[in-house]
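Asks: This is the structure I want to talk about, given as structure tokens.
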């Protein structure tokens, strides 16, 4: 957001980090134990692991780049 | 202890919800604790944003116009996100299930040309006039009467649209969680009221950008995984042709030469002129809901770039909305492994729970006679195997998303609906305060008084739209209802603004009468068909026309009728002096010159690229 205050991208980054790490953590647990939700399809692709990782990485990028106090163009 | 937290979070739904959350039907899935945490975090975040921004929304300029401080990216994402409510998500996925890829017209020809036109041609006039709203522009161009009429019709439209969003969200909660519609409507209404009333337009825009990211993060997996399971594009086509016995579901234009040749029952003239011009330009260029986002940009160049940035994302949205609708045609299955067939919303309502009108409506569906009889034999309790078109997206989510991911997907839907509602009520609040309350009721109040009125109008607007939410249940599918609204209010407004902006001869009286009679004409056409559906063939020019065709043609006729009225009345009334039209009309306005920028920041370059991609997509999916 233009002007003073915390940029909106920082809020988004924080939420993505939280969501991504929760989903990644559950995906790793799921893969480790081999217990999958019975009605969900394509569990062999381990979607929570790689998608959780993507969300976390994206979130970290936004948090670092748009952290409060940084000059954002 | 490895994994104990995920195991706990994934283990079943909370069982302590209040007893008044009466289940109206068996839920599709039981949300895991992890899903509940994901959803709760979203609600916590949006409400916290509202409180954080409250301190920056103290003046009317800050509360209603977000201080005019938005960058092109923020304004552009907000511009396209304001349209990503129930309309975009469940509604269009359901419409795709019913009509096929023809639904994509509402994203491409029904949006892109108009978005470019707004950015390149119309935005300078809105921006130079420094108006706070579209009715405000009408006041400057045509006078007080036109403003009041436009403001009243817009406020009514916003309330009804907010009701649409609330109802759509409640359907998601019903389908996935089994919550009652009433409870879901109350929860969403309370959250939206809180964060918009606190932070104003800035809060609405903030959450729209957040919602945009969540939608892609939560919904992108459904088409990706669906395409893998369907065997790619080739596999999807083969299975749809086998199931539906037609390849019309894959063509945008090929089968539109005759109404009867395509599942939507439309003609290309209706798509090009009714949708591509009357509805699309009316919505994207004159509907204050979306124009307000661009007016909040920090300078003219940002305001011109915002719709162009938004158009790139708009072209991509069918991937997460249209594609799941198509995939639902071949991948959704009943518990016994047979193909699940969805039904129209009004049929679903007639059969869940069972009513006397269920049997005749069932006969109009594609369900086999055996399945129909099976449904009719279940006299007691809800028909849990029946789902409406509008439920295709949540059904696909449940199919592919496990704990955590399902919560994210549901959060994306909730965010979309709440953001849509927030957009409606924030625009309603601005128009009510600036265009109705201030000129008609209290002209000389303090700035803080108008902010207070704006906050109060948000609360009242949400309450009224709750009633509208229940009205929606009586319509034939959410989308048909929304399209009817567009053509009733938007098409006459488009003709009024375009003639006012590009024809110096248009007079005050002509603008007011054109808008008034145009709306009356549009309502009359709607009622004419509503009272006797046989009249549809006259409005849409064909016996084979269906509801969507009626909507696009009604918009076209209303737009043309309004233009004719304005032209005729203008020729018999005295025009305003050209000097009074400075800043309002093309040819009478000296547009501000902009500083030269590198080519990669030039809006014309990016608009050209959008035009090339848009053309290519229409050829590829011809």
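Asks: Considering only the range B:428-447, I want to know if a residue exists there that is modelled with pLDDT under 80, assigned by TED's automatic domain parsing to the domain that holds residue B:331 and either in a helix (DSSP H, G or I) or in contact with a strand residue (DSSP E or B) (Cβ under 7 Å, 6 or more places away or on another chain) (or both).
Replies: no
Asks: Can you tell me which residue is surrounded by the most Cβ atoms within 10 Å (Cβ to Cβ) among those in the range B:251-273 that are modelled with pLDDT under 85 and assigned to a helix (DSSP H, G or I)?
Replies: B:259
Asks: Now a separate question. How about the range B:506-545: which of its residues are at pLDDT 85 or above and not in a helix (DSSP H, G or I)?
Replies: B:506, B:507, B:532 - these are the residues of the range B:506-545 that are at pLDDT 85 or above and not in a helix (DSSP H, G or I).
Asks: Additional query: Evaluate the range B:452-459: report whether one residue or more is surrounded by fewer than 24 Cβ atoms within 10 Å (Cβ to Cβ), farther than 30 Å from residue B:343 by Cβ and out of contact with any helix residue (DSSP H, G or I) (no Cβ under 7 Å at 6 or more places or on another chain).
Replies: yes
Quick grid of which residues meet (1) over 23 Å from the mean Cα position of the chain (by Cα); (2) over 21 Å from residue B:110 (Cβ atoms); (3) not assigned by TED's automatic domain parsing to the domain that holds residue B:280:
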| site | (1), (2), (3) |
| --- | --- |
| B:531 | yes, yes, yes |
| B:534 | yes, yes, yes |
| B:538 | yes, yes, yes |
| B:545 | yes, no, yes |
| B:548 | no, no, yes |
| B:557 | no, no, yes |
| B:568 | yes, yes, yes |
| B:571 | yes, yes, yes |
| B:576 | yes, yes, yes |
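Asks: In addition: Is it true that some residue in the range B:133-151 is surrounded by 24 or more Cβ atoms within 10 Å (Cβ to Cβ), in the same structural domain as residue B:452 (by TED's automatic domain parsing), modelled with pLDDT under 85 and closer than 30 Å to residue B:575 by Cα?
Replies: yes
Asks: Is it fair to say residue A:37 is closer than 21 Å to residue B:219 by Cβ and assigned to a loop (DSSP other than H, G, I, E, B)?
Replies: yes
Asks: When you go through B:386, B:413 one by one, which is the residue that is away from chain A (no Cβ under 14 Å), within 28 Å of the chain's Cα centre (by Cα), surrounded by 15 or more Cβ atoms within 10 Å (Cβ to Cβ) and under 19 Å from residue B:96 (Cβ atoms)?
Replies: From the options B:386, B:413, the qualifying one is B:413.
Asks: Just to be sure I understand, how many residues within the range B:588-603 are in a loop (DSSP other than H, G, I, E, B), more than 15 Å from residue B:302 (Cβ to Cβ) and in contact with a helix residue (DSSP H, G or I) (Cβ under 8 Å, 6 or more places away or on another chain)?
Replies: 3
Asks: Of all residues in the range B:194-231 being over 22 Å from residue B:413 (Cβ atoms) and more than 14 Å from every other protein chain (Cβ to nearest Cβ), which is surrounded by the most Cβ atoms within 10 Å (Cβ to Cβ)?
Replies: For the range B:194-231, the residue satisfying everything is B:197.
Asks: Out of the range A:30-45, which residues are within 7 Å of chain B (Cβ to nearest Cβ) and at positive phi?
Replies: A:42
Asks: Residues of the range B:385-399 being within 26 Å of residue B:160 (Cβ to Cβ) and in a helix (DSSP H, G or I), which ones?
Replies: Once the filter is applied, which keeps residues that are within 26 Å of residue B:160 (Cβ to Cβ) and in a helix (DSSP H, G or I), the range B:385-399 yields B:389, B:390, B:391, B:392, B:393, B:394.
Asks: Moving to a separate point now. For the range B:52-71, enumerate the residues that are outside any loop (DSSP other than H, G, I, E, B), within 13 Å of chain A (Cβ to nearest Cβ) and over 25 Å from the mean Cα position of the chain (by Cα).
Replies: B:52, B:53, B:54, B:61, B:62, B:67
Asks: Another one. Scan B:85, B:94 and give me the residue that is in contact with a strand residue (DSSP E or B) (Cβ under 9 Å, 6 or more places away or on another chain), away from chain A (no Cβ under 14 Å), more than 17 Å from residue B:202 (Cα to Cα) and modelled with pLDDT under 90.
Replies: B:94
Asks: Let me ask another. Does the range B:97-116 hold any residues that are within 14 Å of residue B:253 (Cβ to Cβ), modelled with pLDDT of 90 or more and part of a helix (DSSP H, G or I), and which are they?
Replies: B:104, B:105
Asks: Could you figure out which of (1) in a helix (DSSP H, G or I); (2) touching a helix residue (DSSP H, G or I) at 6+ places or on another chain (Cβ under 8 Å) isn't true of residue B:402?
Replies: Result: residue B:402 fails condition (1) only.
Asks: Determine which single condition residue A:7 fails, assuming it passes every other condition in (1) facing chain B (nearest Cβ under 7 Å); (2) at pLDDT below 90; (3) closer than 20 Å to residue B:202 by Cα.
Replies: Every listed condition holds for residue A:7 apart from (1).
Asks: So is residue B:198 within 28 Å of residue B:470 (Cβ to Cβ), touching a helix residue (DSSP H, G or I) at 6+ places or on another chain (Cβ under 6 Å) and in a helix (DSSP H, G or I) or not?
Replies: yes
Asks: While we're here: Applying the selection to the range B:161-188, what residues are under 21 Å from residue B:64 (Cα atoms) and modelled with pLDDT of 80 or more?
Replies: B:162 - this is the single residue of the range B:161-188 that is under 21 Å from residue B:64 (Cα atoms) and modelled with pLDDT of 80 or more.
The values are calculated or read from the model by the stated rules, or taken from the named source; none is laboratory data. Since the structure is predicted, the reported quantities are computational estimates derived from the model, not experimental observations. Glycine also receives a Cβ, built like all others from the backbone with ideal geometry; neighbour counts cover every protein chain displayed.
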